Amino acid sequence: MIHQDAYVHPLANVESGATVGAGTRVWQFATVRSGAIVGEECVIGQGAFVDTDVVLGSRCKLENFASVHRGSRVADEVFLGPGVILTNDSWPRATNEDGTLKTEAEWHCQPTRIETRASLGAGVIVLPGVTVGANCMVGAGAVVTKDLASGLVAIGNPAAVVRSVSG
């Protein structure tokens, strides 16, 4: 259901069965899959991807080409910079050892969690099963390989904590 106060660009793809909250704006070439829940007053940038079984809180901003994959949970007021990727498959293979195409039941999904007011810079990648705590700041290009406690600043590959947000 698309709320009557939401805006969906004519070139965006919001599938039947997706929920888009009041005041949310979905821009051109963005995709919101069936089963996704997008909160109120969000901005879904050009080319962004919100997969099925994703919950996106209110007042979030997904910059252009951010990708939030199946099962991810994104809390309120989260910023995902351009090209951020929240991954979910801990053993990403297209086929099984016998060459047959993997089915959804054979995926090893471990959804990511991004907590309230976290901010991820351009090109950040968060690996499957990782939680980024509330109010964290993750620098552009970082690869987050393990949980980050609330209020930390992390940079690099793999992401390393350099200080707290307050200090």
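Between rounded, prolate and oblate, where does the stretch 55-132 land on the alpha carbon gyration tensor, with a ≥ b ≥ c its root eigenvalues, rounded for a/c under 1.5, else prolate if a/b exceeds b/c?
Judged from the Cα gyration tensor, the stretch 55-132 comes out prolate (a/c at least 1.5, a/b above b/c).
Where a ≥ b ≥ c are the square roots of the eigenvalues of the C-alpha gyration tensor, would you call the stretch 22-64 rounded, which needs a/c under 1.5, or, failing that, prolate if a/b is larger than b/c, or oblate?
Because a/c hits 1.5 or more and a/b fails to exceed b/c, the stretch 22-64 counts as oblate.
If the only charges are +1 at each Lys and Arg Cβ and -1 at each Asp and Glu Cβ, what is the size of the charge dipole of the chain around the Cα centre, to the nearest 20 debye?
420
Given that compact globular proteins tend to follow 2.2 N^0.38 Å, what is the ratio of the alpha-carbon Rg of the stretch 35-167 to that value?
1.05
Lys/Arg Cβ at +1, Asp/Glu Cβ at -1, dipole of the chain taken about the Cα centre: which of GLY57, ALA75, SER150 is farthest positive-ward?
Checked the options; the winner is SER150.
When only alpha-carbon atoms are used, what values of Rg and Dmax, in angstrom, describe the stretch 28-96?
For the stretch 28-96, the Cα radius of gyration and maximum Cα-Cα distance read 11.9, 41 Å.
For the stretch 101-158, count the residues as N, evaluate 2.2 N^0.38 Å, and divide the Cα radius of gyration by that value, please.
Output field value: 1.23.
Using 0.36 nm per residue, how much length does the chain from SER34 to THR103 gain when fully extended, once their Cα-Cα distance is taken away?
Here the answer is 23.0 nm.
Throughout, read-outs are computed from the coordinates displayed, never taken from laboratory work. Nothing here was measured: the structure is a model prediction, and the numbers come from that model. All Cβ positions, glycine included, derive from the backbone under ideal geometry; neighbour counts span all protein chains shown.
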